[in-house]
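Q: Before anything else, here's the structure in question.
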Amino acid sequence: MSNQTTLAVLAIFIGLTLGALLFLPFVAVSYRRRGQVTLGRTVLWVAAVVYFQAIWIYTLAPLPDPADIQCVGAILDPMATVRDVEHAFQSPGSPLRKPELLQVVLNVLLFMPFGFFVRVLGNRGVVISLLTGFGISLLVELTQLTGVWGLYPCAYRFFDVGDLMTNTTGAVLGSVVGLIVPARYRGLEVSLDPDTPRPVTRGRRALAMLCDWFGFTLLSGALAVMMQLGLHYLASERQDLLNSGFSGTVSTLVAGSVWLALILATGRSVGDLAVQVRYAGSTMPQVAARVLRWLGGIAGITVIGLAGTVGPVVSSLLFVTACVSFFFTRNGRGLPGVLSGQELQDAREPRDSSASDLTYRTAE
């Protein structure tokens, strides 16, 4: 595998990992700023995250061995790039095969996605694309000029004013290309006010479940790692404790308690809050309904799995029941709704809306 391919794979891996970490905040912000999440914008945001990782990875990597670097200077003549292009066209052979022209073209193409994302995702025009494109390009060039900000004793890649020009040109062209995307799909423009209630569809409920799964997994996983590191330094002689799964058990209980506290306080899980839905309309006491709503969700089911030898069996049965009930209950209210006797509604609906009034506002 070539170095360029390796760097591309690394950029995609890091970008997708970062995208997964930002998934929950992305959904929450989208619902509050646009009132919904669309597949197209989600794909574009993932592509943007991967793209920005690629810029820095191609700027910094592969990092050379300090003993092997060759110090280089700076190219401060802005006309050097123009002369390179002229030479490519004037010398014998196809200009497209000349490295001087290819470098200019690639520098322009490298920043065209930047301008496109600024236009489509940020709803900003050519001037902002030019200024931010120049700023990012300057940051890249300064990183190279300073030897990765002092990590190396000197610059091992050229600081090139010509690159600033071509990168900025690419950002401007990308912004112009972004005009082909219809205005209703760009930036913050939405067809409805973000505070306008929308139907609670099965897909929206599935997105809430996915957010709960992501959030609960990330929280419990982070807690487990921190606990394991703490035990390693504070109780390194207790190898049995390190290998017993103690960290995983405690972190799951803590994460489950966080989910329970949130549902008891608000009636909504992290996923419910992210996609702006809530359960309402139960005839049983509010506290009991909220505890049952927690038991039917990812946090409660996972915590039940910790209860001795029978816990995993019960947890597995509940998980299967939750998956099946998602498909066979109104708008995917699932096991939490069945246990608590509640229906799903848009959280932007008036608080006094009863469950019996929800039918016309929900979608099967």
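Computed from the coordinates by the stated procedures, all read-outs in this text should not be read as laboratory data. The structure displayed is predicted, hence computed values, not measured ones. Because the Cβ atoms are built from the backbone with ideal geometry, glycine has one as well, and the counts that use them run over all protein chains shown.
Q: Which residue, chosen from 196, 88, 285, occupies the Cα position most advanced towards the positive end of the dipole of the chain, where the dipole is computed from +1 (Lys, Arg) and -1 (Asp, Glu) charges on Cβ about the Cα centre?
A: The one lying farthest along the dipole's positive direction is 285.
Q: Please give the charge dipole size of the range 202-361, origin at the Cα centre, charges +1 on K and R Cβ atoms and -1 on D and E Cβ atoms. Round to the nearest 20 debye. It would help to have the intermediate numbers written out before the result.
A: Details: 13 positive and 9 negative charges, 86 e Å.
It works out to roughly 420 debye.
Q: Still on this model: Can you give the three extents of the C-alpha atoms in the chain along their principal axes, from longest to shortest, in whole Å?
A: On the principal axes, the chain reaches 83, 61, 31 Å in Cα extent.
Q: In nm, give the distance between the simple-model label positions of residue 128 and residue 287, each being 7 Å from the Cα along the Cα-to-Cβ direction.
A: Spacing of the two 7 Å Cα→Cβ label points: 4.9 nm.
Q: Now, a different point. If each residue of separation counts as 0.36 nm, what is the full-extension length gain between residue 226 and residue 105 once their alpha-carbon separation is subtracted? Intermediate results must be reported in sequence, preceding the final value.
A: Numbers: separation 121, 0.36 × 121 = 43.56 nm, distance 4.68 nm.
Taking residue 226 through residue 105 to full extension adds about 38.9 nm, to one decimal.
Q: If you don't mind, another one. Using r as the Cβ-Cβ distance of residue 250 and residue 321, and R0 as 35 Å, what FRET efficiency do you calculate, to the nearest 0.05? Let's see the in-between values first.
A: Values: r = 27 Å, r/R0 = 0.77.
The calculated FRET efficiency here is 0.85.
Q: So what's the angle, to the nearest 10 degrees on a 0 to 90 scale, between helix 202-234 and the longest Cα principal axis of the chain?
A: The angle comes out at about 80 degrees.
Q: Measure nothing but the geometry: give the 0 to 90° angle between the long axis through the Cα atoms of 3-21 and the longest principal axis through the Cα atoms of the chain, rounded to 10°.
A: Around 30 degrees separate the two axes.
Q: Among 121, 79, 230, which residue has its Cα positioned farthest towards the positive end of the charge dipole of the chain, with +1 placed on the Cβ of Lys and Arg, -1 on the Cβ of Asp and Glu, and the dipole taken about the Cα centre?
A: 121
Q: Given the Cα-Cα distance of residue 76 and residue 152 and 0.36 nm per residue of separation, how much length would full extension add, in nm?
A: Details: separation 76, 0.36 × 76 = 27.36 nm, distance 2.13 nm.
Once the chain is fully extended between residue 76 and residue 152, it gains 25.2 nm.
Q: Using only helices, what value at 222 nm comes out for the chain when you add -39,500 (n - 2.57) per DSSP H run of length 4 or more and divide by the total residues, to the nearest 500 deg cm²/dmol? Mind dumping the intermediate values first?
A: Details: 16 runs with 233 residues, N = 364.
Taken over the chain, the calculation gives -21000 deg cm²/dmol.
Q: Across every pair of different alpha-carbon atoms, what Kirkwood hydrodynamic radius in Å does the range 202-361 reach?
A: Details: mean 1/r = 0.0601 Å⁻¹.
The answer is 16.6 Å.
Q: Of 113, 64, 312, which is the most mobile in a GNM of the chain whose springs link Cα atoms less than 10 angstrom apart?
A: Fluctuation is largest for 64.
Q: Separate question: What distance in nm separates the simple spin-label points at residue 338 and residue 67, each placed 7 Å from Cα in the Cβ direction?
A: A separation of 6.6 nm, rounded to one decimal place.
Q: How large is ³J(HN,Hα), in whole Hz, for each residue of the range 160-176 in order, when computed from phi with the Karplus curve 6.51 cos²θ - 1.76 cosθ + 1.60 and θ = phi - 60°, using x for Gly and Pro?
A: Karplus-based 3J(HN,Hα) across the range 160-176 equals 10, 4, x, 5, 4, 5, 6, 5, 5, 4, x, 5, 5, 4, x, 5, 5 Hz.
Q: Could you pull out every residue, at least 5 positions away or on a different chain, whose amide H is within less than 5 Å of the one on residue 277? Hs are placed 1.01 Å off N in the peptide plane, and Pro or chain starts have none.
A: 347
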